[in-house]
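Comments concern the structure below.
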Amino acid sequence: MAFRAKLRQIFSVQEPPRRIAGAFALGVFIGMSPLLGVHTILGIACAWLLKLNRLVTLVGVYVTNPWTIVPIYTFGTWLGTLLLGMDTILPPIDWAHISFSALLKDFRPLLMPFIIGNTVLGLVSAAVSYAVILKAVKKEHV
């Protein structure tokens, strides 16, 4: 089902607008978090623990998908380098002696910018998405 169709389903959920917006915002935060590979499971678990709508939470989680993950994580990592005051974003890479272990070593300095930047990006995106969805759901329910 297309993302737009999933968004339309959000408007048909029979819950208070604040709970719908909260579930979506939670999903957006989780989807943009640096916890690669566990977004879906984490979204379902958090929605269940907080007694929020799991479908709405998952729609928010899937804002980050195979088409958007690279730009989102790239921007988040760049944001993290700015927040941490790093001058060099990409370390010099010895392309003549490239290996997986060398890449891991070369990109290790980007780990903290990745974590911090994408966490901040997730928080800001969750706050914005909460406001947008709340307004849209209230308008739709009138």
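We did not get these values from a lab; they are worked out from the coordinates using the rules stated. Given the structure is predicted, the values throughout are model-derived calculations rather than measurements. Heads up, the Cβs are rebuilt from the backbone with ideal geometry, glycines too, and the neighbour counts pull from every protein chain shown.
Just to verify a result, which residue in segment 55-76, among those that are free of Cβ contacts under 8 Å to residues at least 24 places away in the same chain and either touching a helix residue (DSSP H, G or I) at 6+ places or on another chain (Cβ under 6 Å) or of a type in the set (A, V, I, L, M) (or both), is nearest to Phe29 (Cα to Cα)?
Ile69
Where in segment 16-91 are there helices (runs of 4 or more DSSP H), lying fully within it, with 1 or more residues that are among the charged types (D, E, K, R) and over 30 Å from Pro109 (Cβ atoms)? Give the derivation first.
On the way: elements: 17-32, 39-49, 54-61, 69-83.
It comes to 17-32, 54-61.
What number of residues in segment 92-125 are outside any helix (DSSP H, G or I) and surrounded by 15 or more Cβ atoms within 10 Å (Cβ to Cβ)?
Filtering segment 92-125 down to residues outside any helix (DSSP H, G or I) leaves 92-94, 98-99.
Imposing the further condition that a residue be surrounded by 15 or more Cβ atoms within 10 Å (Cβ to Cβ) reduces the set to none.
Final tally of qualifying residues: 0.
I'm checking my understanding of the structure. Among residues of segment 15-31 that are within 12 Å of Leu55 (Cβ to Cβ) and not aromatic (Phe, Trp, Tyr), which one is surrounded by the fewest Cβ atoms within 10 Å (Cβ to Cβ)?
Across segment 15-31, the extreme among qualifying residues is Glu15.
So which residues in segment 25-76 are of a type in the set (Lys, Arg) and on the phi < 0 side of the Ramachandran plot, if there are any at all?
Residue satisfying the conditions is Arg54 alone.
Return the residues of segment 44-91 that are among the aromatic types (Phe, Trp, Tyr) and surrounded by 15 or more Cβ atoms within 10 Å (Cβ to Cβ); say none if nothing qualifies.
Within segment 44-91, Tyr62, Tyr73, Trp78 qualify.
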